[in-house]
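The values are calculated or read from the model by the stated rules, or taken from the named source; none is laboratory data. Predicted model, so just to flag it, every value in this text is computed and none were measured. Backbone-built Cβ (ideal geometry, glycine too); neighbour counts: all protein chains shown. Note: accessible area is taken over every heavy atom of the protein model, side chains too, but ligands, DNA and RNA are not part of it. Shrake-Rupley method; radii C 1.70, N 1.55, O 1.52, S 1.80 Å.
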Amino acid sequence: MINSIIENRIVDVPWPLYVNGKLYDGDKFSVYHECNVSCITNDSGTDELICQHGLTHITRKVAGNLITVSGVYIFNGTLSKKYKRNTVYMQRKVSLESVKLWFSVLDNRINVMQSLVIKTAKNDFEQFHEFVKWAREIGHYSDRLLNKSDKSKSITFDNASDDLKSLYKTSTMLLDALDTTAIYFNPESAKFGRKRLADIYSMVHKIKLVLSHAATTSHRANVVIKGRVENKHKIYESFKIVPLSLIQNAIKYKKSGDVEVIFEEDDGLLSMSVISIGDQISDDEITKLFIRGYRTRKAHQMSVEGSGLGLYVSKVVLDAHDFRFKVTSTSISPENKKLARNIFTVFIH
């Protein structure tokens, strides 16, 4: 959303901006030709960076996105003769207060726009109950077709035709997508209905069957479940979105190997970890993963569809259950710091 707002100039863009991996010229002056991404980004954790060219790059978080005002010269009220003769500095001279004010105005306007979009979409979504009804019909009959055999669902699914597998997967994913959308527009719906005792292992196994299937062999992903779950746990119907989203993300962004789901149960506390090998996620990015619409820099660079809403909705569901979660990203070896073992763990009680 933020990139579209900038590109369409829905808000004033007086200075060059760096947003989600893209550089935009400002209306007052363009991106400085000698500056590049390395001038703007850094690992120091500072919000204001002066690059080797003497220009300042100021970063703030707006609506879950990191936005950088790039290549400006911060005027502090006094200038030496050296700087007065520097054309680059004089053309890019701004005050820190004006930049801060611009960020504040941008934040307010985006919040207003997001509220209007969500309100309008929520009203429109109310008209989609008929679609939900028919989606549930498709799910019901595809489930019946799959359960005609007396064998276990896993064996039946393996032996089913590709067309039936695809029908079952499509119906399951359609229903879950509609449920996710409903929670996005109405977070309170994560608590709809009563909590019920559920077999979470079986729930994840069903997700494994669905996500492991693809029309072509090259797009299939192997999901391996380890551990046992002896007890049933009280959850809302919405909880299924959490393992679905975590496993989907692991499949999307893994670079090698299988996706593992590991269960550990101890004295009534169940942990569910979704593990994959992918690009390392910095500590700073980990803190933002569950922000609405946020995607890591590597995710933006990859040609993978995504909106950054799955993890946001998952957090809404986890908060509704009062379940804790933890994310770690550990380099797989000192020699290869780009690839990491990424672990998303949910603690269920």
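Run the accessible area of the range 308-349 with a 1.4 Å probe and give the carbon-and-sulfur part as a rounded percent.
So the carbon and sulfur contribution to the accessible surface is 56 percent.
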inquiry  = Taking a ≥ b ≥ c as the square roots of the Cα gyration tensor eigenvalues, with a/c under 1.5 meaning rounded and otherwise prolate when a/b beats b/c, else oblate, which class fits the range 171-281?
reply    = oblate
query = Considering the dipole of the range 228-324 built from charges on the beta carbon (Lys and Arg +1, Asp and Glu -1) around the Cα centre, which of Q280, I235, A320 is farthest to its positive end?
reply = Q280
inquiry  = With a 1.4 Å probe and all protein chains kept in place, how do L167, L318 rank by accessible area, largest first?
reply    = L167, L318
inquiry  = For the full complex of protein chains and a 1.4 angstrom probe, list R9, R194, R295 by accessible area with the highest value first.
reply    = R194, R9, R295
note = Projected onto their principal axes, the Cα atoms of the range 262-349 stretch, largest extent first, over whole-Å spans of 39, 31, 21
remark   = From the Cα centre of the range 20-35 to that of the range 217-271, the distance in Å is 42
query = Taking Cα atoms of the range 217-325, Rg/Rh with Kirkwood Rh, to two decimals?
reply = 0.97
inquiry  = Please list, in order along the range 282-293, the HN-Hα scalar couplings obtained from phi with the Karplus expression 6.51 cos²θ - 1.76 cosθ + 1.60 (θ = phi - 60°), rounded to whole Hz, x for Gly and Pro.
reply    = 5, 4, 5, 6, 4, 5, 10, 4, 9, 7, 4, x
message = Not counting ligands, DNA or RNA, and with a 1.4 Å probe, what is T345's accessible surface area in Å² rounded to the nearest 10?
response = 20
